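Participant: Got a structure for you, questions after.
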Amino acid sequence: MNYTISIFTSFKDWLVKQVVYQKLNNPLGYVLLLLFALGLSFVLSMLPLKFAVLLVTGILAIPVVAGIFIDLNFGINVMVFAGFLLGLVAKYTDAPIGTALDGMLMLMLVGMLARLIKEKDFSFAKNPISIFIFAWIYYNLLEVLNPWAGSRLAWVYTVRSVALLLALYFIACYAFSSYKRIVTTLKVILFFGFVSALYSLKQEWIGFSQAEITWLNADEERFMLIFQWDRMRVFSFFSDPTTFGILMGYMSMLCLVLASGPFKIWRRIALLVASVSMLLGMAYAGSRTPFVMLPMGVLMFLVLTFKRQTIIAGLFFFMVGGVLVMKSTNNAVVWRIQSAFRGESSDTIDVRMQNQAKVQPYIHAHPVGAGLGSTGYWGKRFTPDSWLASFAHDSLYVRLAVETGWIGLIIYIGLLFTAMRTSIRYYFRVKDPKIKTIYLSLTITVFLLALASYPQEAITLLPTSIVFYIVLAMIARLKDFDPNFAKQSAVVESSTMK
């Protein structure tokens, strides 16, 4: 009997040591993990494919959800990952996966509010950008009272995504509590942008996957949009070439500007390689808007830096670009680039101008607009009899003017102007050369997105809609990690009080 008790005690002590102290980081843990993997593989092989995918997703989702709630910075990086790959997943399933993003945002928002109740420190949100974000959220919530709105249900569906995406700005401001966290998230964004570019090159040089071909052929209008000039336009992970092209347009400039900074040589080479890949992907996508974004980004860079070396490099860039535009060619990719500057797209511009002239009297007569969701997809779903439901607004600014009125448009443009002004101000005031370079890249990013939002709905397209508000949070917080800026601000504040 005593011998049996002794064996049991020894086994218990050994088990406690293996599980509690060594945390299964030992042969026992490896054996258990192998047995679990074999058992799970057997169960998955017996289930239908749909249920097997759901089971694996559920297993993976548990630690991810816990991580998102515990570490908001991890949650932001997961949001970036999801935003980039959502379009790819949508080609393989018709499940409402978009609601997963809303769920993650809501979880992070609850996690932040739970911390703020205890900490009661809102200093992270005290900046000019936050004021306009608050104003834009408040105005969108008031739109439920819009007397000209054709559907309250359209407002519910629209305001959900708008309010949660705006909340991402505050979540990111709170999560970016160190320079390292900001840089890490910036690296994640650049990494997935680079991967997106590489995948588009695979589509161009190797071909589309069978699932992508099936997805293309499932919709005649989609196929005609992508198959133009006797070639297939690439779209990478996303829903269309325009979304992908705009993403590559501002991210290639982001990489180029960062490559000009005081970073290690191998980092600068990696940024240049990523930028070239993105420019190639942008060219193969064939969207005209990004082709205009590139020279405007270079011009903005020259204006802000205004150095002899950059001016010479900029003049060389515009000379090469001028030769490219004037050169005759039979290449469909090069011709598409040329058409953005030669006026071949004048018919498209004329149609857009006519549509805008048509809707202007309505905008003048409705200062608060026709209500959120009165145009586009939600308009066709909830108010199909309204002429606004089929109105081709194209531009983000036109859509905002129609849905939220000229009052809402002024608030939103005020937000963009404030973001630009704040970023430029911090760029000239910070002293740390790395932070200064990052501010320069963020300033040009916001400028290009504001520019691209006139011919397209650039800022509302995934993953740009996620990247944009993260960029605004970076602009608001980055200066806090420059010691010289903090000292300078303290001196200014002290002199002001005297």
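Participant: When the dipole is taken about the Cα centre of the chain, and only Lys, Arg (+1) and Asp, Glu (-1) are charged at their Cβ, what size is it in debye, to the nearest 20?
Facilitator: With only Lys, Arg, Asp and Glu charged at Cβ, the dipole is about 1720 debye.
Participant: Could I ask something else about it? For the stretch 364-405 and the stretch 148-172, what is the centre-to-centre distance using only Cα atoms, to the nearest Å?
Facilitator: Between the Cα centre of the stretch 364-405 and that of the stretch 148-172, the gap is 15 Å.
Participant: Okay, next question. Step through the residues of the stretch 458-463 one at a time and calculate ³J(HN,Hα) from phi using the Karplus curve (6.51 cos²θ - 1.76 cosθ + 1.60, θ = phi - 60°), rounding each to whole Hz and writing x for Gly and Pro.
Facilitator: Whole-Hz 3J(HN,Hα) from phi for the stretch 458-463: 5, 6, 8, 8, 6, x.
Participant: Taking H placed 1.01 Å from N in the peptide plane, check which residues at least 5 places from G373 or on another chain put their amide H under 5 Å from its amide H.
Facilitator: Under 5 Å from the amide H of G373 lies no amide H from a residue far enough along the sequence or on another chain.
Participant: Something else: Rounding to the nearest 20 debye, state how big the charge dipole of the stretch 162-266 is about its Cα centre with +1 on each Lys and Arg Cβ and -1 on each Asp and Glu Cβ.
Facilitator: So the magnitude is around 720 debye.
Participant: Would you be so kind as to identify which of T418, Q309, I133 lies farthest towards the positive end of the dipole of the stretch 126-488, taking Lys and Arg as +1 and Asp and Glu as -1 on Cβ and the Cα centre as origin?
Facilitator: Going by the charge dipole, the pick is Q309.
Participant: Which of rounded, prolate or oblate describes the stretch 349-498 when judged by the alpha-carbon gyration tensor and an a/c cut-off of 1.5?
Facilitator: It comes out prolate by the Cα gyration axes.
Participant: What angle do you read, to the nearest 10 degrees and between 0 and 90, between the alpha-carbon axis of helix 433-452 and the longest principal axis of the chain?
Facilitator: Approximately 60 degrees, to the nearest ten.
Participant: While we're on this one: How large is the Kirkwood hydrodynamic radius of the stretch 326-436, in angstrom, based on all distinct alpha carbon pairs?
Facilitator: Details: mean 1/r = 0.0581 Å⁻¹.
The answer is 17.2 Å.
Participant: Work out the charge dipole of the stretch 126-488 with +1 on the Cβ of Lys and Arg and -1 on the Cβ of Asp and Glu about the Cα centre, then indicate which of L153, M300, F263 is farthest towards its positive end.
Facilitator: The residue sitting most towards the positive pole is F263.
Participant: Enter the angle in degrees (range 0 to 90, nearest 10) between the Cα long axis of helix 98-119 and the first principal axis of the Cα atoms of the chain, meaning the one along which they spread out most.
Facilitator: The angle comes out near 70 degrees.
Participant: Going down the table (K180/K434; K118/K187; K118/K436; K120/K187; K180/K479), which pairs top 24 Å between alpha carbons?
Facilitator: Cα-Cα > 24 Å for K118/K187; K118/K436; K120/K187; rest within.
Participant: When the Karplus curve 6.51 cos²θ - 1.76 cosθ + 1.60 is applied with θ = phi - 60°, which whole-Hz ³J(HN,Hα) does each residue of the stretch 306-315 get, with x for Gly and Pro?
Facilitator: Coupling constants for the stretch 306-315: 6, 10, 4, 5, 5, 5, 4, 5, x, 5 Hz.
Participant: A further question on this structure: Karplus couplings for the stretch 149-159 from phi (6.51 cos²θ - 1.76 cosθ + 1.60, θ = phi - 60°), rounded to Hz, Gly and Pro as x?
Facilitator: Result, rounded to whole Hz: 5, x, 8, 6, 5, 4, 5, 4, 5, 6, 5.
Participant: What number, rounded to the nearest 500 deg cm²/dmol, is the helix-based mean residue ellipticity at 222 nm of the chain, given -39500 (n - 2.57) per DSSP H run of at least four residues and division by all its residues?
Facilitator: Value at 222 nm, helices only: -25500 deg cm²/dmol.
Participant: Skipping prolines and chain starts, which residues have an amide H placed within reach, meaning under 5 Å, of the one on A458, given they are 5 or more residues away or on another chain?
Facilitator: Those qualifying (amide H under 5 Å, at least 5 residues apart or on another chain) are L396, S453.
Participant: Another question about this same structure. Against the longest principal axis of the chain, how steep is helix 346-365, in degrees 0 to 90 to the nearest 10, with axes from Cα atoms?
Facilitator: Taking the Cα atoms of the chain, the angle to 346-365 is about 90 degrees.
FYI, it's all coordinate maths here, none of it is from the lab. No experiment lies behind these values; they were computed from the predicted model shown. With ideal geometry, Cβ positions are generated from the backbone for all residues, glycine too; neighbour counts draw on all protein chains shown.
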